[in-house]
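K.L.:
To start, I am sharing the structure in question, which I have written as structure tokens.
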Amino acid sequence: MNIRHFFRADHGIAAVEAAIVLPLMVFFAMGVVELYQYFRTDALMTRAAFSVADGVSMQQDLFDGGPCNLSDHVCTYGALMPDLMRPVDYQNGGSLQIRLLKTENITTGSGQNKQTKTVWKTMPEWGKRCDGSGACVNFKQEYTGTETPAPNDNDTIVIVEVFQTFEPFVISSRYWQALGGPRTLRAASFYRPRFDDLNALQ
């Protein structure tokens with residue numbers, strides 16, 4: 001074979017191209033599926049947080065006890081979460097937190113420079129934490145989020161947070177670990193109570 005024939009030969013070019021392109025296409029397809037799963041989970045969490053916050057804020061009173069099948073029983077919202085989050089496996093990695101915050105007035109300065117500012121209290125009046133199975137317990141954990149709406153004097157707000165552990169497919173978990181591994185996603189929603197201020201659970 002002379003040198004000119006060698007450079008003109010095209011035997012095996014398709015195989016070489018496939019060997020280069022096919023792995024890239026596989027990784028691209030895996031990435032698209034992973035992104036879809038991520039954004040679907042995030043969208044479901046956002047919708048669930050909105051639905052729970054809306055439902056809680058419409059109640060005239062909220063009851064702390066069971067049987068967790070009435071809209072004015074706060075534990076009902078924990079029991080509904082697995083259905084609101086389908087098809088995500090909420091029971092094995094999800095949780096729900098519901099809080100009620102009030103405002104307080106803070107005075108700064110003195111004399112003519114004295115100013116009063118209305119701010120949200122960081123410690124809730126009451127709180128409920130529900131795990132993936134729907135079981136709820138009382139908790140009073142300081143709220144450190146910064147996305148709350150602007151407060152008014154004597155204001156209250158219902159804050160709902162949904163958490164979900166997001167895990168990649170097994171086929172891509174080795175690569176996902178290199179990017180930080182499984183992570184906990186969070187979605188939050190806020191509603192001012194429509195009727196009573198719901199300052200305490202009955």
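K.L.:
Val170 versus (1) surrounded by 12 or more Cβ atoms within 10 Å (Cβ to Cβ); (2) modelled with pLDDT under 90: which is the lone unmet condition?
P.N.:
The number of the failed condition is (1).
K.L.:
Considering only residues that are among the acidic types (Asp, Glu) and modelled with pLDDT of 90 or more, look in region 143-165 and name the one that is nearest to Leu44 (Cα to Cα).
P.N.:
Among those that are among the acidic types (Asp, Glu) and modelled with pLDDT of 90 or more, it is Glu161.
K.L.:
If we keep just the residues of region 66-104 that are touching a Pro at 6+ places or on another chain (Cβ under 8 Å) and either closer than 30 Å to Asn152 by Cβ or free of Cβ contacts under 8 Å to residues at least 24 places away in the same chain (or both), which is surrounded by the fewest Cβ atoms within 10 Å (Cβ to Cβ)?
P.N.:
Thr103
K.L.:
Check whether at least one residue in region 181-197 is in a strand (DSSP E or B) and modelled with pLDDT under 85, and report yes or no.
P.N.:
The answer is yes; a qualifying residue exists.
K.L.:
Next up: Quick check on this structure: which one of Ile106, Ile159 is β-branched (Val, Ile, Thr) and over 18 Å from the mean Cα position of the chain (by Cα)?
P.N.:
Only one candidate passes the filter, namely Ile106.
K.L.:
Let me spell it out: the conditions are (1) at pLDDT below 90; (2) assigned to a loop (DSSP other than H, G, I, E, B); (3) surrounded by 10 or more Cβ atoms within 10 Å (Cβ to Cβ), and Met1 meets all of them except one. Which number is the exception?
P.N.:
The single condition Met1 does not satisfy is (3).
K.L.:
Could you name every one of the strands (runs of 3 or more DSSP E) located completely within region 66-153 that has at least 3 residues being of a type in the set (A, V, I, L, M, F, W, C) and under 23 Å from Tyr191 (Cβ atoms)?
P.N.:
94-108
K.L.:
On to the next question. Would you mention how many residues in region 45-65 are surrounded by fewer than 18 Cβ atoms within 10 Å (Cβ to Cβ), assigned to a helix (DSSP H, G or I) and of a type in the set (S, T, N, Q)?
P.N.:
Qualifying residue count for the region: 2.
K.L.:
Is there any pair linking a residue in region 126-152 that is more than 14 Å from Gln91 (Cα to Cα) to one that is aromatic (Phe, Trp, Tyr) and part of a strand (DSSP E or B), with Cβ under 7 Å and at least six apart or on different chains, and which?
P.N.:
Here the result reads Thr148/Trp120; Thr148/Phe190; Pro149/Phe190; Pro151/Trp120, each pair linking region 126-152 to a residue that is aromatic (Phe, Trp, Tyr) and part of a strand (DSSP E or B).
K.L.:
Could you look through region 54-68, keep only residues that are under 24 Å from the mean Cα position of the chain (by Cα) and not hydrophobic (A, V, I, L, M, F, W, C), and pick out the one that is farthest from Phe195 (Cα to Cα)?
P.N.:
Per the criteria, the residue is Asp64.
The values are calculated or read from the model by the stated rules, or taken from the named source; none is laboratory data. From a predicted model like this one, the values you see are computed outputs, not experimental measurements. No Cβ is skipped: glycine too gets one built from the backbone with ideal geometry, and neighbour counts run over all protein chains shown.
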